[in-house]
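Peer 1: Can you keep this structure in mind? I'll have questions shortly.
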Amino acid sequence: MLSCVLNAKRSRSGRIANHYFLDPFGCAKNQVDAESMMAALNEAGWQTSECAEADYIIINSCAFIESAKRESINAVLNYHRQYPYKKIVLAGCLAQRYKHELEKILPEATILFGTGNPEQIVTALGAGAPSHIDKGNRPLLSSLGSAYVKITEGCNNHCSFCAIPLIRGKLCSRPIDDIVSECQTLLERGIYELCLVGQDTASFGMDRGKQELPILLEKIATLPHKFWLRLLYLHPDHIPDSLFLYYREEPRFLPYFDIPLQHASGTMLDSMNRHGTSTSYIQLIEKIRTQVPNAVIRSTFLVGFPGETERDFRTLLRFQKTVSLDWLGCFCYSREEGTPAYCLSHHVPKQLALKRKQMLEEKQVAITVSHLDQLIGTTVAVLIEREIDKGIYIGRTYGQAPEVDGFTIVHSIVPLACGSVSHGIVQSREKYNLHVYSNGGK
Ligand code: SF4
């Protein structure tokens, strides 16, 4: 007994170093928190391990909508059932939002650790005081060659259906120099694609009194490396006109725009506390397509919001046809306590909401594939993620964001370096995925 203890690796604080297993849930912002937790624990001398060898199982949870909450709670129950003697840490949004309730109803979670300062997990797990972590050197959970860079925390938009401001608080933009230094470190360690994320990246700096996204892009453009910069989660109401200038002049900035619009019916947008209209959104999309050649646009919509009539939904379908987006995601409304919409009446039956979601997604198939088919015969750059078979690789073009859009299968006669970009000719399409033939050309 004594010998195994003596051999145990000791952390900086002289405590017995532990092994942990982290299971990440939720969005890209939550993933960055998970990576920061891992960096802090590793810095404290702890080690990641497979679940069975771990002393602590950390679930970085999501609490955005009902299904996400259920998924995180089931993860706690499953791990506890499988490993009843291990310590289960419920971290992230669910722990932040429901700490008091969960302390009573979820004893399976040994430790509840909210959001706001992921590095503090070291203290929460009794591993001493957290030391400053270099975000650019943190472990990455993204595919090879890609990393998320969180530029803001929280949100001031208060969309009436959304619980995120309740969980993540007010908008807080990171210092520009911090972000640029993180980007530089990531690029120096070989990352090629930097995905800037936040609840609403378009509002970057507005908590400091002015819109600073163009300034941030200008600073990032001073970095001497070859890279791809992708902007995600742009709220349509806050996109500065000057943004597009950078896209015309800086080829490293991917002409990919992820702009969650949520709806197109004026009644619905008002009720969601969103200030656009289908006309202003059409104008925004036309402006992007006019000012940024080869722009690829993704959006997300919410159906089944209280009061949504057949007429509102028809407005959304017409809008979908008119704007012909490259990529579209759709959620059904989830009634979230504490949000302004929670008390609204005229609930849309779940089945009808699901039917509307399905119809919107089905109609998008033809639109998305028509955009993809225009690429056949063209030469594209592909960020190679991994080899799936001899000479066959999976990757993404600039028009394919991580995890949400299709991907590209590259057939190459020469070995390709994962995590770097290769060029090839688009030969065909298979649903949302492209088939590219490459001779290894950079
Ligand atoms: S922009 Fe709206 S939907 Fe997005 S995080 Fe903020 S409040 Fe939520």
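The values are calculated or read from the model by the stated rules, or taken from the named source; none is laboratory data. Since we're looking at a predicted model, the values are computed, not measured. Glycine also receives a Cβ, built like all others from the backbone with ideal geometry; neighbour counts cover every protein chain displayed. The area values use the complete protein model at the heavy-atom level, side chains included, leaving out ligands, DNA and RNA. Shrake-Rupley method; radii C 1.70, N 1.55, O 1.52, S 1.80 Å.
Peer 1: Whether any residue in region 69-89 is touching a Lys or Arg at 6+ places or on another chain (Cβ under 9 Å), under 30 Å from residue 420 (Cβ atoms) and either open to solvent by 20 Å² or more (accessible area, probe 1.4 Å) or not assigned by TED's automatic domain parsing to the domain that holds residue 22 (or both) is what I want to check.
Peer 2: no
Peer 1: So if I check each of 295, 202, which one is among the small types (Gly, Ala, Ser) and within 16 Å of the ligand (Cβ to nearest atom)?
Peer 2: 202
Peer 1: Next question. Any chance you could count how many residues in region 129-147 are out of contact with any helix residue (DSSP H, G or I) (no Cβ under 6 Å at 6 or more places or on another chain) and at pLDDT below 90?
Peer 2: So the count comes out to 2.
Peer 1: Which one of these is more than 27 Å from the chain's Cα centre (by Cα) and outside any helix (DSSP H, G or I): 427, 400?
Peer 2: When all the criteria are applied, what remains is 427.
Peer 1: Please specify each residue of region 381-400 satisfying the condition of being surrounded by fewer than 21 Cβ atoms within 10 Å (Cβ to Cβ) and at negative phi.
Peer 2: Correct list: 381, 386, 387, 388, 389, 390, 392, 394, 398.
Peer 1: Given (1) at pLDDT 95 or above; (2) open to solvent by 20 Å² or more (accessible area, probe 1.4 Å), where does residue 117 come up short, assuming only one miss?
Peer 2: (1)
Peer 1: Still on this structure, I have one more. Just checking, does region 214-226 include any residue being at pLDDT 95 or above, open to solvent by 60 Å² or more (accessible area, probe 1.4 Å) and either in the same structural domain as residue 38 (by TED's automatic domain parsing) or within 16 Å of the ligand (Cβ to nearest atom) (or both)?
Peer 2: no
Peer 1: Further question: Can you say whether residue 122 is among the hydrophobic types (A, V, I, L, M, F, W, C) and not in a strand (DSSP E or B), as far as the supplied structure shows?
Peer 2: Yes; evaluated as a whole, the condition is true for this residue.
Peer 1: Provide a single number: the residues in region 300-309 that are in contact with a helix residue (DSSP H, G or I) (Cβ under 7 Å, 6 or more places away or on another chain) and outside any loop (DSSP other than H, G, I, E, B).
Peer 2: 2
Peer 1: I would also like to ask the following. Suppose we keep only residues that are over 28 Å from residue 160 (Cβ atoms) and at pLDDT 95 or above within region 245-285. Which one would you say is most open to solvent (accessible area, probe 1.4 Å)?
Peer 2: 251
Peer 1: Here is a further query. Of all residues being assigned to a loop (DSSP other than H, G, I, E, B), under 22 Å from the mean Cα position of the chain (by Cα) and of a type outside the set (A, V, I, L, M, F, W, C) in region 241-267, which is nearest to residue 310 (Cα to Cα)? Just the residue, please.
Peer 2: 263
Peer 1: Right, something else. Please enumerate the residues belonging to region 130-157 that are more than 16 Å from the ligand (Cβ to nearest atom), surrounded by 19 or more Cβ atoms within 10 Å (Cβ to Cβ) and of a type in the set (S, T, N, Q).
Peer 2: 143, 146
Peer 1: Ok, one more. If the Cβ limit is 8 Å and pairs must be 6+ apart or interchain, which residue in region 158-174 that is near the ligand (Cβ under 10 Å from one of its atoms) pairs with which residue that is open to solvent by 20 Å² or more (accessible area, probe 1.4 Å) and among the acidic types (Asp, Glu)?
Peer 2: 168/153; 171/153; 171/207
Peer 1: Separate question: Would you confirm whether or not region 84-96 contains a residue that is over 23 Å from the mean Cα position of the chain (by Cα), of a type in the set (Lys, Arg) and within 23 Å of residue 139 (Cα to Cα)?
Peer 2: Within region 84-96 (the criterion being over 23 Å from the mean Cα position of the chain (by Cα), of a type in the set (Lys, Arg) and within 23 Å of residue 139 (Cα to Cα)), the answer is yes, since at least one residue qualifies.
Peer 1: Picking from 384, 392, which residue would you name as being farther than 26 Å from residue 28 by Cα and outside the structural domain of residue 314 (by TED's automatic domain parsing)?
Peer 2: Checking each option against the conditions leaves just 392.
Peer 1: Going by the conditions given, is residue 25 among the aromatic types (Phe, Trp, Tyr), under 26 Å from residue 337 (Cβ atoms) and out of contact with any strand residue (DSSP E or B) (no Cβ under 8 Å at 6 or more places or on another chain)?
Peer 2: The answer is no for residue 25.
Peer 1: Taking residue 104 as meeting all but one of (1) among the charged types (D, E, K, R); (2) surrounded by fewer than 21 Cβ atoms within 10 Å (Cβ to Cβ); (3) within 16 Å of the ligand (Cβ to nearest atom), write down the number of the exception.
Peer 2: (3)
To keep it simple, each residue is scored yes or no on (1) surrounded by fewer than 20 Cβ atoms within 10 Å (Cβ to Cβ); (2) part of a helix (DSSP H, G or I).
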residue: 294; (1), (2): yes, no
residue: 298; (1), (2): no, no
residue: 311; (1), (2): yes, yes
residue: 315; (1), (2): yes, yes
residue: 334; (1), (2): yes, no
residue: 338; (1), (2): yes, no
residue: 353; (1), (2): no, yes
residue: 358; (1), (2): yes, yes
residue: 370; (1), (2): yes, yes
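Peer 1: Would you mind stating whether residue 92 is at positive phi and out of contact with any Lys or Arg (no Cβ under 8 Å at 6 or more places or on another chain)?
Peer 2: It is true that residue 92 is at positive phi and out of contact with any Lys or Arg (no Cβ under 8 Å at 6 or more places or on another chain).
Peer 1: Suppose the filter is surrounded by 13 or more Cβ atoms within 10 Å (Cβ to Cβ), of a type outside the set (A, V, I, L, M) and farther than 29 Å from residue 414 by Cα; does residue 321 pass it?
Peer 2: no
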